[in-house]
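We did not get these values from a lab; they are worked out from the coordinates using the rules stated. Computed from a predicted model, the values in this text were never measured in an experiment. Here the Cβ is made from the backbone with ideal geometry for all residues, glycine too, and neighbour counts use every protein chain on show.
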Amino acid sequence: MDTLTNLEQTIAARKGADPASSYVAQLLARGTPVIARKLGEEAVEAVVAALAEDRTELVGEAADVIFHLMVLLSDRGISLAEVMAELDRREGVSGLNEKASRSA
């Protein structure tokens, strides 16, 4: 968790940085649609790596997915603590039951 907390803090610190000097600042300056598309691209790359059974590539792509998700969450004003609270809420609940409760 420390790594994700540190990443969240780094992303927050780079929000006001010069986009020429920070990839995070570049993404944030380009806006939600660009950040969301980048997250989608990284997710597809993770799927491809998984299907290719390339463990090393999948680890790298998983890190990219998490990073870009964290940037998107920051962009939308959602904290890691909020996501963790939602995961805590779901703990011990059958995935099928949890999904059914969202469709009702």
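Under 1.5 on a/c is rounded, so check that first for the chain, then, if it is not, pick prolate when a/b is larger than b/c and oblate when it is not; a ≥ b ≥ c are the square roots of the alpha carbon gyration tensor eigenvalues. Oblate. Let me know the longest stretch in the chain that avoids all GluC sites (Glu not before Pro) found in a DSSP loop with at most 11 other C-beta atoms within 10 Å. The longest such stretch corresponds to 1-52.
Principal-axis analysis of the Cα atoms of the chain puts helix 55-75 at an angle of about 80° to the longest axis.
If you place +1 on the Cβ of every Lys and Arg and -1 on the Cβ of every Asp and Glu, how big does the dipole about the Cα centre of region 2-77 come out, in debye to the nearest 20?
Once rounded to the nearest 20, the dipole reads 440 debye.
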